[in-house]
Each structure stands twice: as C-alpha cells, then as structure tokens.
Amino acid sequence: MQQHKTYTVDEATRLLENYCAYQERCHKEVEQKLYDLKMIPEAKEQIILHLMQHNFLNEERYAKSYARGKFNIKKWGKIKVANDLKFKNISAYNIKTALKEINDEDYYNNLQTIATKKLKLIKEPNSFKKRNKLATFLISKGYESNLVFELVNSLIS
C-alpha cells in the first residue's frame, strides 16, 4: 500500500503560498489542492484564512487577471469568460468587475479580427451557410449574439 506524504499546517501553508504566488488562484483551486494534500477541514480553513490575510488569495484580483488573460491570449468573448468564472464559483460582483477589465474598443476589434480570419477559412459557396458557420464559431468563442449577427451580416452580403 502506498503511503502519501502528510503535511503539518505550516508545511501546507508554505506549499500553498508558493502555489498562489506562482500564478493567481481562485478559492476552488486552493480548496482542491488542500483536498489533494488530504488536509483536515480545520486546517483547510486556517490555511485559506492565512492566504487571504496575506493577500496570496484574492478573488477579485484573480477574476480580473483571468478575464484579461482569456480575452487577450485566447480571444474569448465576455460570455465565455463569465461562464468560466461562474464555474470556478467566483461571485457575481467579481465577475462584473472582471468584465470591466475588457476595453470595449479592443473587444470589438478582437471580434472583427477573429471573424475576418475565420471567414477566409470557410470554404462554403452558399452565403447563408457561410454566415451560419461564422456566427456559430463566434458565438462559441463567447461573443454576444447581437454583436455577432451584426458583424456577420456586414461581412457577408
């Protein structure tokens, strides 16, 4: 039978400080890590409290960083970012704050860039089907349908 390493509260705290310092983490990720370390509930609470008090764990900062990253790097739309943050149990307030990190002008420019690139790849002679494929792709990236349809109709006549 395989023995798993046991950690004292201090050892686990140091481990989690490093885990959070390496990149922003949300409570759900930290709780999963503590679960993986087989920490008891009292120790989990104590460690999470310590991480929050020493600013290793900050949900608002995490949400803002996450939104900026997914938008700038993966070119996700606001809907996909918000849904992903909801899945990570981020509060509605912090999700709203995080989405404000995305500049409206950059947002629309990103949408146009993605749409133009994708349009070149769609080999479909029927303009109705072409419009549909492009719209479906953009909506799957998390962009709002009203923006998508407006753009798709202006690109494909």
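The values are calculated or read from the model by the stated rules, or taken from the named source; none is laboratory data. All values reported here derive from a predicted model rather than from experimental measurement. We place every Cβ from the backbone using ideal geometry, glycine too, and count neighbours over all the protein chains shown.
Pull up the stretch 57-89, narrow it to residues that are of a type in the set (A, V, I, L, M, F, W, C) and surrounded by fewer than 20 Cβ atoms within 10 Å (Cβ to Cβ), then point me to the one that is nearest to LEU16 (Cα to Cα). Outline the logic, then answer.
Within the stretch 57-89, the first condition is being of a type in the set (A, V, I, L, M, F, W, C), and the residues that meet it are 57, 63, 67, 71, 73, 76, 79, 81-82, 85, 87.
Imposing the further condition that a residue be surrounded by fewer than 20 Cβ atoms within 10 Å (Cβ to Cβ) reduces the set to 73, 79, 87.
Values: ILE73: 26, ILE79: 30, PHE87: 22 Å.
The extreme case among them is PHE87.
Within the stretch 54-66, is there a residue that is farther than 30 Å from THR113 by Cα and in contact with a Leu (Cβ under 7 Å, 6 or more places away or on another chain)?
Step one: list which residues in the stretch 54-66 are farther than 30 Å from THR113 by Cα, which gives 54-59.
Restricting the remaining residues to those that are in contact with a Leu (Cβ under 7 Å, 6 or more places away or on another chain) gives 57.
For the stretch 54-66, residues farther than 30 Å from THR113 by Cα and in contact with a Leu (Cβ under 7 Å, 6 or more places away or on another chain): present.
Is it the case that some residue within the stretch 143-153 is under 21 Å from the mean Cα position of the chain (by Cα) and not in a helix (DSSP H, G or I)?
Checking the stretch 143-153: at least one residue is under 21 Å from the mean Cα position of the chain (by Cα) and not in a helix (DSSP H, G or I).
Pull up the stretch 31-55, narrow it to residues that are among the charged types (D, E, K, R) and part of a helix (DSSP H, G or I), then point me to the one that is farthest from the chain's Cα centre (by Cα). Can you show your working first?
Taking the stretch 31-55 first, the residues among the charged types (D, E, K, R) are 31, 33, 36, 38, 42, 44-45.
The next check asks that each one be part of a helix (DSSP H, G or I); those that pass are 31, 33, 36, 42, 44-45.
Values: GLU31: 18, LYS33: 19, ASP36: 22, GLU42: 29, LYS44: 24, GLU45: 25 Å.
If we take residues in the stretch 31-55 being among the charged types (D, E, K, R) and part of a helix (DSSP H, G or I), then GLU42 is farthest from the chain's Cα centre (by Cα).
Being of a type in the set (A, V, I, L, M, F, W, C), crowded, with 18+ Cβ neighbours inside 10 Å and more than 16 Å from TYR107 (Cβ to Cβ) is the filter here; which residues of the stretch 120-151 pass it?
Correct list: LEU134, ALA135, PHE137.
Checking the conditions here, which among ILE156, ILE114 is β-branched (Val, Ile, Thr), touching a residue at least 24 places away in the same chain (Cβ under 8 Å) and more than 30 Å from ARG25 (Cβ to Cβ)? Give the steps one after another, and end with the answer.
Values: ILE114 fails: more than 30 Å from ARG25 (Cβ to Cβ).
Checking each option against the conditions leaves just ILE156.
List pairs: first residue in the stretch 128-152 and at positive phi and at pLDDT 95 or above, second residue among the charged types (D, E, K, R) and assigned to a helix (DSSP H, G or I) anywhere in the structure, Cβ distance under 8 angstrom, at least six positions apart or on different chains.
GLY142/LYS78; GLY142/LYS80
I'd like to verify a number: residues in the stretch 90-105 that are touching a residue at least 12 places away in the same chain (Cβ under 8 Å) and either within 22 Å of LEU138 (Cα to Cα) or buried (at least 18 other Cβ atoms within 10 Å of the Cβ) (or both), how many?
7
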